[in-house]
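The values are calculated or read from the model by the stated rules, or taken from the named source; none is laboratory data. What you see is a predicted model; the values in this text were computed from it and never measured. Note that each Cβ is placed from the backbone with ideal geometry, even for glycine, and that neighbours are counted across all protein chains shown.
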Amino acid sequence: MRRFIEGSHAMAEATKLCRPEVIAAYPITPQTHIVEHLSQFIADGNLNAKSINVESEHSAASCVLGSQAAGSRSFTCTSSQGLILMSEVLFCIAGMRLPVMLICANRAVSAPINIWNDQQDSIAIRDAGLIQIYAENIQEAVDLIIAGHKIGENPKVMLPVMVCVDGFILTHGMEVVDIPSQDKVDNFLPPYNPPYKLDINNPMSFGLLGDPSVYTETRYAIQKTLEDVLQIIPKVGGEFNDIFGRSSVGLIEEYKTSDAETILVAMGSVCGTIKDIVDIQRNKGKKIGLLKIIAYRPFPQAEVKKALSQAKNVGIVDKNISLGSNGALYSEIKSILPEKIKVNGFVAGLGGRDIKPSTVEKIIESTEKEENPCKFVDLNEELLWKEFKTV
Amino acid sequence: MKEIKIFARAGQGAITTAAILGEALFHENKFSYAFPHFGAARMGAPMNAFLRFDQKPIRLRSQIYNPDYIIIIDPTLIESEKCFDNLKNQGKAVVALRENTKIPSRDDITISSLPAEQIALDIIGKPFANTILLGAFAKATGEVKLDSITKAVGERFKNKPEILEKNIEAVKKGYSSV
């Protein structure tokens, strides 16, 4: 049913439709409303799940690790410092091959304390072995949550899935969203039936010592699985489209790229803003397009390379920075493109700094004229130490 | 696409105002994106809520800098927040008036003002100006029907019957006051 609804509320509805059995989360802005709605569903008797009150995100992640290992579909969500605190356990969840669902309401990481949006938190734990998928709008967040369960819980996958949604922009924004019916979701997503679980009739252990004789093979197994996920995501996306009639689940989305000379690349909600600017500049005769990255882990190298192969100029927008190197998406893409394509990296939208239409216009102009691996956009020169001033 | 910026203090219902308006526009098959701008806001701190709407889904995610319409819930913010500075040429403002409220003079805009807090005190018994301003907005701009606003208010307060009728009356009073 189509509704005008707040993002966090819609994501809680989507989670409820997936029939989680255990929910453990610790409140942190801007994730809070998602957990509040889920707790309300449980309190009202509308969701038959066990909600576990925890004293930290480390405990929240530990609870869902345990409950998923016991064979229950389990859910948590967090942001920023909370995600960093979870990170030790997230590596374990992936290593134990447990398909926990996690929503990351993307937010900047301290210090200085900043509650606003960027994507530094999820990027910081990109190497944990989780599947990471990014939503452009609230509808996509809903769709990726539902599809994400099916991707992670595939017996050939069995890996945690993190759906990344830009904090405030998508969690606190309200828009028209189709919340699917329970029948359709049940039809799409079967009950969780893991190939292994903690079972007194068939005892087994998870996460024991893996000495040098076996550890490498566990990493190799996750790596090979994530390569397979590059085939599984489009397949699940097809099944999702068959049932729900939306092609929102995939590895990438190409927006007017086929004849584009200049292509911007981005993830998350900023893609909407970029699409509007692409349309405005197309109307002025500019051949410009957007490549939206949905799956960041596993990273769809072949698809990205193909989508950018005909471009002259590529401008990559990162809402994160690997300090001492470049934006994460830039490094990922620069390494797979041929020398003849001019590739620019931009760092923008950190700590909630607004990415305006004029910001995107500046990025396009620089992409066409310059070649920088890591250009900070909309810097306030007045705040910079004199030796760091760029003009 | 049209853009609205709402000026209020945290706790005065700016987000609710944007949410009700978005819901009302949804009933007219329009697409909205309503969103707050959060500071690390405490009750009483100046804050904004925004709403964009169009016949097609909204993709633009930036804040609103040059609104077509402004709604001022708290007129003590007019000067400090420079509420009128970036209102578009031919834009419209809906303003809750208090005694001594000074509205800057601009010839190129239309201003609809009403003592919304006093009306709210009379009808609802509390100084919540937002539902009155929503009625006034519908009349002043013609962007949304009165029926759509009352329907959206009805849904918003469906679990609070004690204030539902009063808020519907407030919307209608706001509509007829400008």
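Where the second residue is polar (S, T, N, Q) and surrounded by fewer than 17 Cβ atoms within 10 Å (Cβ to Cβ) and the first is within 16 Å of A:ALA302 (Cα to Cα) and lies in the range A:221-243, which pairs have Cβ atoms under 9 Å and are six or more apart or on separate chains?
From residues that are within 16 Å of A:ALA302 (Cα to Cα), the pairs are A:LEU230/A:GLN301.
Examine the range A:257-269 for a residue that is more than 30 Å from A:CYS374 (Cα to Cα) and over 19 Å from the mean Cα position of the chain (by Cα), and state whether such a residue exists. Give the steps one after another, and end with the answer.
The initial filter retains those residues of the range A:257-269 that are more than 30 Å from A:CYS374 (Cα to Cα), namely none.
The answer is no; no qualifying residue exists.
Please note which strands (runs of 3 or more DSSP E) are completely contained in the range A:47-123 and include at least 1 residues that are over 16 Å from the mean Cα position of the chain (by Cα) and either assigned by TED's automatic domain parsing to the domain that holds A:PRO195 or of a type outside the set (Asp, Glu) (or both).
A:50-52, A:74-78
Considering the range A:258-280 alone, what residues qualify as being polar (S, T, N, Q), farther than 28 Å from A:GLU227 by Cα and within 14 Å of chain B (Cβ to nearest Cβ)? Give the steps one after another, and end with the answer.
Kept after step one, since they are polar (S, T, N, Q), are these residues of the range A:258-280: A:258, A:262, A:269, A:273.
From what is left, the residues that are farther than 28 Å from A:GLU227 by Cα are A:262, A:273.
Listed by number, the list holds a single entry, A:THR273.
Within the range A:170-184, which residues are β-branched (Val, Ile, Thr) and within 17 Å of A:THR29 (Cβ to Cβ)? Give the derivation first.
Initially, the range A:170-184 is screened for residues β-branched (Val, Ile, Thr), giving A:171, A:176-177, A:179.
Across the range A:170-184, the qualifying residue is only A:THR171.
Would you tally the residues in the range B:23-76 being among the charged types (D, E, K, R) and more than 10 Å from chain A (Cβ to nearest Cβ)?
First, the residues of the range B:23-76 that are among the charged types (D, E, K, R): B:23, B:28, B:30, B:42, B:52, B:54, B:56, B:59, B:61, B:68, B:74.
From what's left, more than 10 Å from chain A (Cβ to nearest Cβ): B:28, B:42, B:54, B:56, B:68, B:74.
The total comes to 6.
Can you list residue pairs whose Cβ atoms sit under 8 Å apart, with the first residue in the range A:345-358 being more than 11 Å from every other protein chain (Cβ to nearest Cβ) and the second being at pLDDT below 95 and not in a loop (DSSP other than H, G, I, E, B)? Count only pairs 6 or more apart in sequence or on different chains.
none
Which residue, of A:THR218, A:THR171, is β-branched (Val, Ile, Thr) and within 14 Å of another protein chain (Cβ to nearest Cβ)? Spell out how you get there, then give the answer.
Numbers: A:THR218 fails: within 14 Å of another protein chain (Cβ to nearest Cβ).
Step by step, each of A:THR218, A:THR171 is checked, and only A:THR171 is β-branched (Val, Ile, Thr) and within 14 Å of another protein chain (Cβ to nearest Cβ).
Filter the range A:7-43 for residues that are assigned to a loop (DSSP other than H, G, I, E, B) and under 24 Å from B:ALA19 (Cα atoms) and give the result. It would help to see each step written out before you state the result.
Taking the range A:7-43 and keeping what is assigned to a loop (DSSP other than H, G, I, E, B), we get A:18-21, A:25-31.
Within the range A:7-43, A:PRO27, A:ILE28, A:THR29, A:PRO30, A:GLN31 meet the criteria.
Which residues, taken from the range B:40-75, are among the hydroxyl-bearing types (Ser, Thr, Tyr) and surrounded by 15 or more Cβ atoms within 10 Å (Cβ to Cβ)? Show your work before the answer.
Looking only at the range B:40-75, we keep the residues that are among the hydroxyl-bearing types (Ser, Thr, Tyr), and these are B:62, B:65, B:69.
Once the filter is applied, which keeps residues that are among the hydroxyl-bearing types (Ser, Thr, Tyr) and surrounded by 15 or more Cβ atoms within 10 Å (Cβ to Cβ), the range B:40-75 yields B:SER62, B:TYR69.
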